[in-house]
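Participant: One structure, pasted below without further comment.
The values are calculated or read from the model by the stated rules, or taken from the named source; none is laboratory data. Since this is a predicted model, take the numbers as computed values, not measurements. Positions of Cβ are backbone-derived with ideal geometry, glycine not excepted, and every protein chain shown enters the neighbour counts. These accessible areas exclude ligands, DNA and RNA; they are computed on the full protein's heavy atoms, side chains included. Shrake-Rupley method; radii C 1.70, N 1.55, O 1.52, S 1.80 Å.
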Amino acid sequence: MTDDPGPSRDPFRWIWRASLFIFGSVVLLNLAIAYLQPILPWLVGAAGIALVLWVVITVIRWRRNRW
């Protein structure tokens, strides 16, 4: 057997891992925002066009299948 206590028994190790996870998440979120910021208007425009097309197709299908 090992003498190493489990992660739930050592609060310092648990806090250290949680802190590293939060720090890594913040860094990755900042990088994602930095890289997506220049193309964000294009992404929003594409999503808007897709939404308009979906609404138009839904209305056309609804009008054809009234009965």
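Participant: How many of the residues making up region 23-34 are open to solvent by 90 Å² or more (accessible area, probe 1.4 Å), modelled with pLDDT of 95 or more and not polar (S, T, N, Q)?
Facilitator: At the first step, the residues of region 23-34 found to be open to solvent by 90 Å² or more (accessible area, probe 1.4 Å) are 23, 28-30, 33.
If we keep only those that are modelled with pLDDT of 95 or more too, we end up with 23, 28-30.
Subset that is not polar (S, T, N, Q): 23, 28-29.
Residues flagged as open to solvent by 90 Å² or more (accessible area, probe 1.4 Å), modelled with pLDDT of 95 or more and not polar (S, T, N, Q) within region 23-34 amount to 3.
Participant: Looking only at region 43-67, count how many residues are surrounded by 10 or more Cβ atoms within 10 Å (Cβ to Cβ) and aromatic (Phe, Trp, Tyr).
Facilitator: Within region 43-67, residues that are surrounded by 10 or more Cβ atoms within 10 Å (Cβ to Cβ) and aromatic (Phe, Trp, Tyr) number 1.
Participant: What do you reckon, is Pro38 modelled with pLDDT under 90 and open to solvent by less than 100 Å² (accessible area, probe 1.4 Å)?
Facilitator: Values: modelled with pLDDT under 90: no; open to solvent by less than 100 Å² (accessible area, probe 1.4 Å): yes.
No: the conditions fail for Pro38.
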